[in-house]
Structures are given as structure tokens and as C-alpha cells.
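I have placed the structure first, in the form of C-alpha cells, so that the comments after it can refer back to it.
The values are calculated or read from the model by the stated rules, or taken from the named source; none is laboratory data. Model, not experiment: these values are computed from the prediction. Cβ placement follows ideal geometry from the backbone for every residue including glycine, while neighbour counts extend to all protein chains displayed.
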Amino acid sequence: MKIERIELRRIALPYVAPFETSGWRELANHSVLARITGEGCEGWGEAPVGTGPWYNEETYATAWVMLRDILGPLLMEAPLVSASVVTERFARVRGNRMAQSALEFAAWDLFSTRDGVSLSRALGGTAIRSRSESVLAFSLVSTHCSMLSAAM
């Protein structure tokens, strides 16, 4: 699939309460969203970065530059045969995993949309077929978590 266009958007979603650690405080979730288009479909991805390098080396400013100047052009240099080749295409880029993830996620979304399958199915997941299976799965997880809490 030929990637026809890449759009980047910066967003800031305010938290209900500040996110605080011993090292920093954030009032909003800052991310860079990536929208890619090809064959009449679109795919969305996100680089979940912060305002400063307090969690890791990436920020919304560095992710923006990497996506615009390095990763975007690499993604568009040749058609993609599948979403799984995006990782290979970015192999020579060191670090910047969150910026890379924005375009990787967008590619998976794009291909699953084009193919008419859920993103979960495209990534190898299996669907829960009935409500009773979903309740059973929740019950098993709840029981396991309760047992872990009781053991502590």
C-alpha cells in the first residue's frame, strides 16, 4: 500500500487531577497524533509523550521533529506490503520508540481498516463470542486478583 499522506496533530488532554511523582508534575496528557492515508482508508496512531524528558528522553517537541523529518519520510519512501514491515523500515533509527509507535499503530489501523477486520483481530487477538464468556473471563480475573490481595 502506498502511503499517500501523513498528518500530525499535537494534543493536550487535561487530567482530572494533576499527575505527580517525586520528580515532576503534569496537568495534562500531551501527545502527538499521526493520521496516515492510503487506498481511500485512514489509520491513526499516537506518540504518548510528555512536555519534558522527565519520564524518558522523548517529548512532544522531539517526537514532532522525528515524525516530520525522519520517520514520516522513511514510511513514505516505498509502498508497504503489510503493517509489520514498519518496524523493519525504522530499524536504523535509534531510540524514539514513542515517536515510532505513532506510525506503527497508524499502519496497523490503516491495514485493518482496509481489510475490514478489527485491530484486535489484525494483531492476532481472538474475539469473545458471547456475554457469558466475557463474564466468566472477568470472574476468573477478579477471583485471581482477590486471591493475590488476600495473600499479601
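So for region 10-20 (the condition being of a type in the set (K, R), surrounded by 12 or more Cβ atoms within 10 Å (Cβ to Cβ) and in contact with a Lys or Arg (Cβ under 8 Å, 6 or more places away or on another chain)), does at least one residue qualify?
No, there is no match, as no residue in region 10-20 is of a type in the set (K, R), surrounded by 12 or more Cβ atoms within 10 Å (Cβ to Cβ) and in contact with a Lys or Arg (Cβ under 8 Å, 6 or more places away or on another chain).
May I ask you to list the residues in region 1-33 that are closer than 21 Å to E46 by Cα and among the hydroxyl-bearing types (S, T, Y)?
If the condition is that a residue be closer than 21 Å to E46 by Cα and among the hydroxyl-bearing types (S, T, Y), then Y15, S31 are the ones that fit.
Could you check T37 against (1) in contact (Cβ under 8 Å) with a residue 60 or more places away in the chain; (2) surrounded by fewer than 13 Cβ atoms within 10 Å (Cβ to Cβ) and say which number it fails?
It fails just one condition, (2).
Mind checking which residues of region 44-63 are under 21 Å from W108 (Cβ atoms) and in a helix (DSSP H, G or I)?
Hit for region 44-63 is A63, nothing else.
If you take the residues of region 21-34 that are polar (S, T, N, Q) and more than 21 Å from the chain's Cα centre (by Cα), which of them is surrounded by the most Cβ atoms within 10 Å (Cβ to Cβ)?
Ranking the candidates gives T21 first.
Taking into account only those residues within region 14-26 that are at pLDDT below 90 and out of contact with any Asp or Glu (no Cβ under 9 Å at 6 or more places or on another chain), which is farthest from A78 (Cα to Cα)?
Per the criteria, the residue is S22.
Pick from A83, A99: which is within 16 Å of the chain's Cα centre (by Cα) and assigned to a loop (DSSP other than H, G, I, E, B)?
Just one listed residue meets the conditions, A83.
Evaluate region 21-31: report whether one residue or more is among the basic types (K, R) and in a strand (DSSP E or B).
The answer is yes, given that some residue of region 21-31 is among the basic types (K, R) and in a strand (DSSP E or B).
Output yes when any residue across region 41-58 is touching a Ser or Thr at 6+ places or on another chain (Cβ under 7 Å), acidic (D, E) and free of Cβ contacts under 8 Å to residues at least 60 places away in the same chain, and no when none is.
Yes, some residue in region 41-58 is touching a Ser or Thr at 6+ places or on another chain (Cβ under 7 Å), acidic (D, E) and free of Cβ contacts under 8 Å to residues at least 60 places away in the same chain.
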